[in-house]
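The values are calculated or read from the model by the stated rules, or taken from the named source; none is laboratory data. A quick note: this is a predicted structure, and the numbers were derived from the prediction, not measured. Glycine also receives a Cβ, built like all others from the backbone with ideal geometry; neighbour counts cover every protein chain displayed.
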């Protein structure tokens with residue numbers, strides 16, 4: 001695929017817009033089934049975008065996407081295919097910080113990009129969230145489910161927790177595309193735009 005970095009950042013810009021929509025709904029402060037339903041819809045699409053972004057990274061490293069994942073829209077199937085083949089293409093949540101004096105002297109750098117393992121999600125984590133979101137996307141069967149209010153009261157805390165985990169993973173992260181490491185931020189602190197910058201690896205430090 002040509003222009004993989006451009007395709008990747010376009011995909012991340014979509015993720016950011018969906019997270020913005022979720023944030024607007026959250027700002028209303030209403031515990032409403034129909035609003036939660038919209039949040040779940042955006043959440044599933046965010047996970048699908050993450051799955052597609054993994055395929056971009058795999059397309060880069062292997063020069064071809066696994067046949068089982070070609071043309072696939074179901075994020076669970078994409079993640080299971082990549083996991084089965086031992087291909088870890090997920091984003092690594094990261095921050096940019098000032099380099100320590102030791103890092104400056106050793107690597108001649110002023111800033112360091114440092115991973116945040118606590119914000120990482122695995123394929124299994126994403127599959128679990130994806131499957132839970134599925135419950136919001138069909139009309140409730142009156143023979144097996146209680147009413148909308150009851151369903152929302154039971155499930156909306158988990159929904160918002162899962163959305164927070166997705167945003168934490170994607171807000172600022174590193175990814176390898178076409179053999180080059182990139183730092184991606186969904187919301188640049190100066191312009192508010194979604195941006196990517198190329199990075200180089202020195203020892204175990206990204207700079």
- Message: Could you go through the stretch 48-66 and let me know if any residue there is at pLDDT below 90, touching a helix residue (DSSP H, G or I) at 6+ places or on another chain (Cβ under 6 Å) and either under 22 Å from residue 156 (Cβ atoms) or not in a helix (DSSP H, G or I) (or both).
- Response: yes
- Does residue 133 count as surrounded by fewer than 17 Cβ atoms within 10 Å (Cβ to Cβ), touching a helix residue (DSSP H, G or I) at 6+ places or on another chain (Cβ under 9 Å) and touching a residue at least 60 places away in the same chain (Cβ under 8 Å)? no
- Query: Just checking, how many residues over the stretch 183-207 are at pLDDT below 90 and either within 15 Å of residue 8 (Cα to Cα) or surrounded by 15 or more Cβ atoms within 10 Å (Cβ to Cβ) (or both)?
  - Reply: 6
- Message: Restricting to the stretch 136-158, and then to whatever is closer than 20 Å to residue 74 by Cβ and in contact with a helix residue (DSSP H, G or I) (Cβ under 8 Å, 6 or more places away or on another chain), can you tell me which residue is modelled with the lowest pLDDT?
- Response: 137
- Query: Which one of these does residue 30 not meet: (1) more than 30 Å from residue 148 (Cα to Cα); (2) at pLDDT below 90?
  - Reply: (1)
